[in-house]
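Below is one structure, written out as C-alpha coordinates; the observations come after it.
The values are calculated or read from the model by the stated rules, or taken from the named source; none is laboratory data. Not measured: the values here are computed from a predicted model. Please note: Cβ atoms are built from the backbone with ideal geometry, for glycine as well, and neighbour counts cover all protein chains shown.
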Amino acid sequence: MNQSLSITETHKMALPKDRIHINAPSDLLNPKNGPQDLALSPEDEDVLKRIGQPLAFRSGECVFGQNERSDYIYLVESGLVRISHDLANGKRQVLAFHWFGDFIGLSVDGKYVNRADALTDVQAIRYRISGPNGLVHAQPSLQTPLLVKATAEIRLMQRRLIVMSHCKGIERLSSFLVELCNHDRPYFNPDTSILKLPMDRIDIADYIGTTRESISRNLTDLTKKRLIIRIDDNTFRIDLPNLKKIAAATSTGNDLL
(Lines give C-alpha, C1' and ligand atoms only; values in the text may rest on other atoms or scores of the structure.)
Protein backbone atom coordinates (compact mmCIF):
# COMPACT_ATOMS: atom_id res chain seq x y z
CA MET A 1 0.00 0.00 0.00
CA ASN A 2 1.14 3.57 -0.71
CA GLN A 3 2.67 4.62 2.58
CA SER A 4 1.64 8.27 2.39
CA LEU A 5 -1.97 7.29 1.73
CA SER A 6 -2.08 4.98 4.72
CA ILE A 7 -0.88 7.87 6.90
CA THR A 8 -3.18 10.56 5.57
CA GLU A 9 -6.27 8.40 5.79
CA THR A 10 -6.18 8.97 9.55
CA HIS A 11 -6.43 12.74 9.14
CA LYS A 12 -9.71 13.21 7.28
CA MET A 13 -11.50 16.54 7.58
CA ALA A 14 -15.00 17.82 7.07
CA LEU A 15 -15.88 18.96 3.56
CA PRO A 16 -15.12 22.66 2.97
CA LYS A 17 -18.16 24.91 3.39
CA ASP A 18 -16.77 28.06 1.74
CA ARG A 19 -15.33 28.67 -1.70
CA ILE A 20 -12.70 26.47 -3.26
CA HIS A 21 -9.81 28.55 -4.55
CA ILE A 22 -7.37 27.75 -7.36
CA ASN A 23 -4.74 30.38 -8.01
CA ALA A 24 -2.25 31.05 -10.77
CA PRO A 25 1.19 32.52 -10.01
CA SER A 26 1.56 36.27 -10.44
CA ASP A 27 3.82 35.79 -13.48
CA LEU A 28 0.84 35.04 -15.70
CA LEU A 29 -2.06 37.04 -14.33
CA ASN A 30 -0.85 40.03 -12.38
CA PRO A 31 2.81 40.44 -11.44
CA LYS A 32 2.12 43.44 -9.21
CA ASN A 33 -0.59 41.97 -7.02
CA GLY A 34 0.61 38.42 -6.55
CA PRO A 35 -1.30 35.18 -7.18
CA GLN A 36 -4.87 35.58 -8.38
CA ASP A 37 -7.89 33.30 -8.14
CA LEU A 38 -8.83 31.46 -11.31
CA ALA A 39 -12.52 31.88 -11.96
CA LEU A 40 -14.62 28.81 -11.22
CA SER A 41 -18.30 28.54 -11.93
CA PRO A 42 -20.64 27.59 -9.04
CA GLU A 43 -21.17 24.26 -10.79
CA ASP A 44 -17.41 23.60 -10.92
CA GLU A 45 -17.08 24.44 -7.24
CA ASP A 46 -19.95 22.11 -6.35
CA VAL A 47 -18.32 19.26 -8.25
CA LEU A 48 -14.94 19.90 -6.60
CA LYS A 49 -16.55 19.75 -3.18
CA ARG A 50 -18.51 16.61 -4.04
CA ILE A 51 -15.68 14.50 -5.45
CA GLY A 52 -12.84 15.74 -3.22
CA GLN A 53 -11.63 14.17 0.02
CA PRO A 54 -10.40 16.77 2.54
CA LEU A 55 -7.30 15.69 4.46
CA ALA A 56 -4.95 17.19 7.02
CA PHE A 57 -1.18 16.70 7.21
CA ARG A 58 0.96 17.52 10.20
CA SER A 59 4.13 19.56 9.83
CA GLY A 60 6.90 17.28 8.60
CA GLU A 61 4.53 14.65 7.19
CA CYS A 62 5.02 13.27 3.68
CA VAL A 63 2.07 13.99 1.37
CA PHE A 64 3.39 11.67 -1.35
CA GLY A 65 6.75 10.18 -2.21
CA GLN A 66 8.89 10.31 -5.33
CA ASN A 67 8.12 7.36 -7.66
CA GLU A 68 5.07 6.33 -5.62
CA ARG A 69 1.93 5.37 -7.52
CA SER A 70 0.03 8.54 -8.47
CA ASP A 71 -3.66 7.93 -8.07
CA TYR A 72 -4.44 11.42 -6.77
CA ILE A 73 -3.69 15.11 -7.08
CA TYR A 74 -4.06 17.52 -4.16
CA LEU A 75 -5.38 21.07 -3.83
CA VAL A 76 -3.68 22.93 -0.98
CA GLU A 77 -6.25 24.71 1.19
CA SER A 78 -3.89 26.05 3.86
CA GLY A 79 -0.29 25.71 4.98
CA LEU A 80 2.87 25.21 2.95
CA VAL A 81 4.07 22.18 0.96
CA ARG A 82 7.63 21.65 -0.27
CA ILE A 83 8.19 19.86 -3.57
CA SER A 84 11.63 18.28 -3.93
CA HIS A 85 13.47 15.75 -6.07
CA ASP A 86 16.09 13.29 -4.87
CA LEU A 87 18.95 12.97 -7.34
CA ALA A 88 20.90 9.81 -8.12
CA ASN A 89 24.01 11.24 -6.40
CA GLY A 90 22.13 11.56 -3.12
CA LYS A 91 21.59 15.31 -3.32
CA ARG A 92 18.20 17.00 -3.12
CA GLN A 93 16.78 19.83 -5.21
CA VAL A 94 13.86 21.83 -3.87
CA LEU A 95 11.69 22.61 -6.90
CA ALA A 96 8.79 24.57 -5.47
CA PHE A 97 6.84 25.71 -2.45
CA HIS A 98 3.09 25.39 -2.79
CA TRP A 99 0.48 27.41 -0.96
CA PHE A 100 -3.23 28.03 -0.66
CA GLY A 101 -4.90 27.45 -4.03
CA ASP A 102 -2.12 25.35 -5.57
CA PHE A 103 -2.50 21.89 -7.10
CA ILE A 104 0.29 19.38 -6.46
CA GLY A 105 0.90 15.89 -7.79
CA LEU A 106 2.79 15.97 -11.11
CA SER A 107 3.05 12.41 -12.41
CA VAL A 108 4.53 10.52 -15.35
CA ASP A 109 3.60 6.94 -16.28
CA GLY A 110 1.44 6.59 -13.19
CA LYS A 111 4.12 7.65 -10.68
CA TYR A 112 4.82 10.89 -8.85
CA VAL A 113 7.83 12.65 -10.34
CA ASN A 114 8.74 14.42 -7.09
CA ARG A 115 8.23 14.23 -3.34
CA ALA A 116 5.84 16.47 -1.39
CA ASP A 117 6.24 17.28 2.32
CA ALA A 118 4.19 19.48 4.62
CA LEU A 119 6.45 22.22 6.02
CA THR A 120 3.63 23.46 8.25
CA ASP A 121 0.31 21.93 9.23
CA VAL A 122 -1.49 21.57 5.90
CA GLN A 123 -5.10 21.14 4.90
CA ALA A 124 -5.67 19.80 1.39
CA ILE A 125 -8.35 18.28 -0.78
CA ARG A 126 -7.45 15.04 -2.54
CA TYR A 127 -8.90 14.21 -5.97
CA ARG A 128 -8.72 10.95 -7.82
CA ILE A 129 -7.12 11.42 -11.22
CA SER A 130 -8.88 8.77 -13.30
CA GLY A 131 -12.13 6.81 -13.25
CA PRO A 132 -15.76 8.01 -13.25
CA ASN A 133 -15.10 10.17 -10.19
CA GLY A 134 -11.79 11.45 -11.55
CA LEU A 135 -11.27 15.20 -11.51
CA VAL A 136 -11.54 16.06 -15.21
CA HIS A 137 -13.91 13.19 -16.10
CA ALA A 138 -16.38 14.40 -13.47
CA GLN A 139 -16.30 18.00 -14.73
CA PRO A 140 -14.70 18.51 -18.20
CA SER A 141 -15.03 22.31 -17.90
CA LEU A 142 -12.27 22.22 -15.29
CA GLN A 143 -9.74 21.53 -18.03
CA THR A 144 -9.44 25.24 -18.91
CA PRO A 145 -8.57 26.62 -15.44
CA LEU A 146 -6.26 23.68 -14.83
CA LEU A 147 -4.47 24.36 -18.13
CA VAL A 148 -4.10 28.05 -17.23
CA LYS A 149 -2.72 27.01 -13.85
CA ALA A 150 -0.20 24.62 -15.41
CA THR A 151 0.91 27.21 -17.98
CA ALA A 152 1.46 29.81 -15.27
CA GLU A 153 3.61 27.44 -13.25
CA ILE A 154 5.72 26.58 -16.31
CA ARG A 155 6.37 30.29 -16.90
CA LEU A 156 7.33 30.73 -13.25
CA MET A 157 9.73 27.79 -13.52
CA GLN A 158 11.32 29.31 -16.65
CA ARG A 159 11.94 32.55 -14.81
CA ARG A 160 13.45 30.73 -11.85
CA LEU A 161 15.88 28.86 -14.12
CA ILE A 162 17.08 32.19 -15.49
CA VAL A 163 17.47 33.58 -11.97
CA MET A 164 19.51 30.56 -10.84
CA SER A 165 21.71 30.59 -13.93
CA HIS A 166 22.55 34.27 -14.35
CA CYS A 167 22.00 36.16 -11.08
CA LYS A 168 24.15 36.78 -8.04
CA GLY A 169 23.28 35.22 -4.71
CA ILE A 170 21.87 38.41 -3.22
CA GLU A 171 19.67 38.89 -6.30
CA ARG A 172 18.40 35.31 -6.06
CA LEU A 173 17.55 35.76 -2.39
CA SER A 174 15.89 39.13 -3.00
CA SER A 175 13.78 37.62 -5.77
CA PHE A 176 12.79 34.78 -3.44
CA LEU A 177 11.80 37.15 -0.62
CA VAL A 178 9.68 39.19 -3.03
CA GLU A 179 8.06 35.95 -4.19
CA LEU A 180 7.17 35.13 -0.57
CA CYS A 181 5.72 38.60 -0.03
CA ASN A 182 3.46 38.11 -3.06
CA HIS A 183 1.66 35.37 -1.16
CA ASP A 184 0.46 37.78 1.51
CA ARG A 185 -0.95 36.40 4.76
CA PRO A 186 -0.30 34.38 6.88
CA TYR A 187 3.45 34.68 6.24
CA PHE A 188 3.63 38.29 5.05
CA ASN A 189 1.64 41.12 6.57
CA PRO A 190 1.53 44.01 4.07
CA ASP A 191 0.27 46.39 6.77
CA THR A 192 3.37 45.94 8.92
CA SER A 193 5.77 44.71 6.18
CA ILE A 194 6.61 41.77 8.46
CA LEU A 195 7.68 38.54 6.72
CA LYS A 196 7.96 35.29 8.67
CA LEU A 197 9.92 32.63 6.80
CA PRO A 198 8.01 29.33 6.97
CA MET A 199 10.98 27.31 5.69
CA ASP A 200 14.53 26.92 7.00
CA ARG A 201 17.79 28.13 5.45
CA ILE A 202 18.57 24.74 3.92
CA ASP A 203 15.24 24.67 2.07
CA ILE A 204 15.84 28.18 0.75
CA ALA A 205 19.38 27.28 -0.34
CA ASP A 206 18.21 24.14 -2.13
CA TYR A 207 15.48 26.16 -3.84
CA ILE A 208 17.58 29.03 -5.20
CA GLY A 209 20.69 26.94 -5.88
CA THR A 210 23.15 28.11 -3.24
CA THR A 211 24.36 27.11 0.24
CA ARG A 212 23.02 27.74 3.72
CA GLU A 213 26.14 29.80 4.48
CA SER A 214 25.50 31.98 1.44
CA ILE A 215 21.91 32.55 2.56
CA SER A 216 23.15 33.75 5.96
CA ARG A 217 25.74 36.08 4.35
CA ASN A 218 23.20 37.53 1.94
CA LEU A 219 20.69 38.12 4.73
CA THR A 220 23.42 39.98 6.60
CA ASP A 221 24.18 42.07 3.50
CA LEU A 222 20.49 42.94 3.06
CA THR A 223 20.36 43.91 6.74
CA LYS A 224 23.36 46.22 6.34
CA LYS A 225 21.66 47.85 3.36
CA ARG A 226 18.55 48.35 5.56
CA LEU A 227 16.46 46.42 3.06
CA ILE A 228 15.45 44.04 5.83
CA ILE A 229 15.39 44.43 9.61
CA ARG A 230 15.89 41.23 11.56
CA ILE A 231 13.31 40.66 14.31
CA ASP A 232 14.36 37.08 15.01
CA ASP A 233 16.00 34.27 13.04
CA ASN A 234 12.94 33.74 10.83
CA THR A 235 11.11 37.08 11.03
CA PHE A 236 12.03 40.27 9.17
CA ARG A 237 10.60 43.68 8.41
CA ILE A 238 10.89 44.09 4.65
CA ASP A 239 11.54 47.23 2.65
CA LEU A 240 9.57 45.74 -0.21
CA PRO A 241 9.79 48.62 -2.76
CA ASN A 242 13.60 48.74 -2.58
CA LEU A 243 13.95 44.97 -2.33
CA LYS A 244 12.03 44.74 -5.60
CA LYS A 245 14.65 46.95 -7.23
CA ILE A 246 17.34 44.38 -6.46
CA ALA A 247 15.05 41.56 -7.52
CA ALA A 248 14.40 43.46 -10.75
CA ALA A 249 17.93 42.57 -11.79
CA THR A 250 16.53 39.08 -12.35
CA SER A 251 13.98 40.42 -14.84
CA THR A 252 14.27 39.53 -18.51
CA GLY A 253 11.31 41.61 -19.67
CA ASN A 254 7.55 41.38 -19.52
CA ASP A 255 7.46 37.95 -21.12
CA LEU A 256 8.58 36.29 -17.91
CA LEU A 257 7.38 38.84 -15.35
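Summary of values
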item	result
Test: residue in the stretch 98-110 that is free of Cβ contacts under 8 Å to residues at least 40 places away in the same chain and within 11 Å of the chain's Cα centre (by Cα)	yes
Failed criterion for Ile246 (all others in (1) outside the structural domain of Arg82 (by TED's automatic domain parsing); (2) within 25 Å of Ile104 (Cβ to Cβ) hold)	(2)
Check on Asp46, among the charged types (D, E, K, R), at pLDDT below 90 and either farther than 30 Å from Asn189 by Cα or part of a strand (DSSP E or B) (or both)	yes
Search result, residues across the stretch 167-195 that are part of a strand (DSSP E or B) and in contact with a Leu (Cβ under 9 Å, 6 or more places away or on another chain)	Phe188, Asn189, Leu195
Residue match in the stretch 99-118 (condition: in contact with a helix residue (DSSP H, G or I) (Cβ under 8 Å, 6 or more places away or on another chain), modelled with pLDDT of 95 or more and either among the aromatic types (Phe, Trp, Tyr) or surrounded by 19 or more Cβ atoms within 10 Å (Cβ to Cβ) (or both))	no
